[in-house]
Amino acid sequence: MSLLDDENAWIGLSDESKDLLREYVTAQKDAPAKESKPVSLLDEYDEPVEDFTGRVRRTKNGRPYVLANPDWQKGVDDWPDGFTDKPTEPRGPSALYTRVTTYISCLEDTYSLGLWAERMVTLGLAQRPQLVAAAQRVDLSNVDRARDALNEIASQAKDAANWKEKADLGTGFHEIAREWDQGRQNWDMLSPESADMLWTYGEKTETWEYAHIEQGMVNDEFRTYGTPDRLRWVTTEITRQPGVVVEHQKLRVTDIKTGRIDYGWQKMELQLALYALSKLYDPDTGIRTELDIDQEYAEIVHVPYGLGECTVYLVPIAEAIEVLKSLVPRVRAWRSRKPSWVPAGTEPLTSGLAAAWPATPPEAL
């Protein structure tokens, strides 16, 4: 029996909702059938796409392939673990690395983000009654299918609530700012909001000199790849001697943010710190170039969308660097481990309390 013929599906719906539901079901019924294909975890996570993203080959979920450094090679079998020749990467031995934002997310507090996502789903369902009706019709007897169906409904609900709108606007301004810093901006193509943002951004950064704009970087210790927005020259030390003033310049990691910065600031500091610990990466050859990057401070250029304001924040990153070196690898290793539980009574005598308690009572010694 189809949804249109099931009277129970219409109970409690307004006339408007019924009309929308009727249109939705009819459209689904008339839509051409999609060719099904088996789902493979390999297809989802490890099969490379054909196109390059910033000249770096990636998996379908965006995980980057990083070429081995030519300086490492001493013999045929001397590449580090994971670096092998792959048919999908013709340029040389490569390994899957982790995106910077993914690597540091193990310490992220996602509570507020989760609540926001729930609000977006609720808002989307309120705007699309047909999605509510679709959720009511999900067969819960098959757990896997029900999960996939409800995930798809939740995804459509967030789309209905324009949950990516601000992120898309932020991405758009990043492209505008890049064109501006490279001297190729056409003001006639900008919306009034973008023009105001670019004007204030340009005023704040007009004297800045950039060494690199959106260039990929790798950290081989953590096996990460990422692209900082800017590396700019700053004067970090001034040595004064009789009749001589010597200025020492370093590169400083600079990131542009268009959304809120009061939430997730710890993740932002870790992101900046990991870039400061990384090396410039040539995706065509695998060559790494070590740079003199400021590891005391980084910068965030905050350009909130549509406000015509721009604030530059000096961000201390020394503590974040220490957390990256000491805590993040341990947390990631802990989260990836498998439980070593055994039934009670079968544990080795050398484990737990048995190992700490002496075999002979102290008074007998």
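We did not get these values from a lab; they are worked out from the coordinates using the rules stated. All values reported here derive from a predicted model rather than from experimental measurement. Here the Cβ is made from the backbone with ideal geometry for all residues, glycine too, and neighbour counts use every protein chain on show.
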For a test of the definition: using alpha carbon positions, the gyration tensor, and the 1.5 limit on a/c, classify region 53-155 as rounded, prolate or oblate.
prolate
Quick one: if the Förster radius is 30 Å, what FRET efficiency do residue 234 and residue 326 give, using the C-beta to C-beta distance and rounding to 0.05?
0.65
Which distance in nm do the two modelled labels at residue 135 and residue 204 give, with both placed 7 Å along the Cα-to-Cβ direction?
3.8 nm
Using a simple spin-label model with points 7 Å from Cα along the Cα→Cβ vector, what separation in nm is obtained for residue 334 and residue 81?
2.1 nm
Could you tell me, in Å, what Rg and Dmax come out for the Cα atoms of region 166-335?
17.5, 58
Would you calculate the separation in nanometres between label points at residue 262 and residue 144, each defined as 7 Å from the Cα along the Cα-to-beta-carbon direction?
4.6 nm
Once you've got the Cα coordinates, tell me which of 267/338; 86/279; 60/279; 86/257; 60/250; 204/267 are over 32 Å apart.
86/257; 60/250
Once Lys and Arg get +1 and Asp and Glu get -1 on their Cβ, which of 326, 271, 226 lies farthest toward the positive end of the dipole of region 166-335?
326
Additional length obtainable on full extension of the chain from residue 318 to residue 248, 0.36 nm per residue less Cα span:
23.3 nm
Cut-off 20 Å (backbone N to label point 7 Å along Cα→Cβ of residue 115), residues of region 253-268:
259-268
